[in-house]
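Just below is one structure, and these are the notes that go with it.
The values are calculated or read from the model by the stated rules, or taken from the named source; none is laboratory data. Computed from a predicted model, the values in this text were never measured in an experiment. Every residue, glycine among them, receives a Cβ derived from its backbone with ideal geometry; neighbour counts consider all protein chains shown. In case anyone asks, the SASA skips ligands and DNA or RNA and just uses the protein heavy atoms, side chains included. Shrake-Rupley method; radii C 1.70, N 1.55, O 1.52, S 1.80 Å.
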Amino acid sequence: MTSTIQELVNAPLLKVAKNSDRYLIEVANEELLKGLVPNLNLLATLPITDLVVTSPATKYDFIPRYFAPRIGIEENFVTGSAHCGLAPYSSQRLSKKQLYAFQSSEKAGELFSYYQDDLAYITGKAITIYKSHFNELLL
């Protein structure tokens, strides 16, 4: 499986983790992360929903990118669900509860997170890109 993961990012891997639906890969630095061109065709064939790639950073505690071609997202701009997983990971790695992150993507964004007692609190500036209402209950 390590060779498949290596094929996904084609960059030196520092750490690799997996949960039920996501790989988390850490690369050495933000230059590698920003220049990363993941193999989305390979990722779409794997039995996971998405891939988060992260790295240490100079100005931030960490910088991630998020990819999920199986659900129609080549690269997501700023991903709250990814940061819910990155908060405990980065909190443990850096031995701190308050974290400052920058999701590097076409429409990048900064997020602040606070991780305590197995809960991740995330804040940042946001815009609404999708809005929906349910008008009728069917059951």
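Things worth noting here:
- Considering residues of region 89-99 that are surrounded by fewer than 15 Cβ atoms within 10 Å (Cβ to Cβ) and not charged (D, E, K, R) only, the residue farthest from V78 (Cα to Cα): S95
- Flag if N19 is loosely packed, with under 15 Cβ neighbours inside 10 Å and under 27 Å from D117 (Cβ atoms): yes
- All positions within region 22-53 that are open to solvent by less than 40 Å² (accessible area, probe 1.4 Å), of a type in the set (V, I, T) and within 22 Å of G72 (Cβ to Cβ): I25, I48, V52, V53
- Residues of region 99-139 that turn out to be among the hydrophobic types (A, V, I, L, M, F, W, C) and in a loop (DSSP other than H, G, I, E, B), as a count: 8
- Scan region 100-121 for residues that are surrounded by 15 or more Cβ atoms within 10 Å (Cβ to Cβ), within 12 Å of P88 (Cα to Cα) and of a type outside the set (S, T, Y) and the total you get is 1.
- For I63, the requirement of being under 20 Å from A120 (Cα atoms) and among the aliphatic types (A, V, I, L, M) is met.
- Within region 66-80, not a single residue is among the polar types (S, T, N, Q) and surrounded by fewer than 16 Cβ atoms within 10 Å (Cβ to Cβ).
- Within region 128-139, residues that are closer than 23 Å to F77 by Cα sit with their Cβ atoms under 9 Å from residues that are of a type outside the set (D, E, K, R) and surrounded by 10 or more Cβ atoms within 10 Å (Cβ to Cβ), at 6+ positions apart or across chains, in these pairs: I129/F77.
- Sub-6 Å Cβ pairs linking a first residue in region 1-27 that is in contact (Cβ under 8 Å) with a residue 24 or more places away in the chain to a second residue that is loosely packed, with under 13 Cβ neighbours inside 10 Å, at least 6 apart or interchain, are L24/A17; E26/K15, ordered by first then second residue.
- Of all residues in region 54-65 being within 19 Å of K107 (Cβ to Cβ) and either aromatic (F, W, Y) or more than 15 Å from the chain's Cα centre (by Cα) (or both), the one that is surrounded by the most Cβ atoms within 10 Å (Cβ to Cβ): F62
- Filtering region 10-29 to residues that are outside any loop (DSSP other than H, G, I, E, B), over 15 Å from R93 (Cα atoms) and within 14 Å of the chain's Cα centre (by Cα) leaves K18, R22, Y23.
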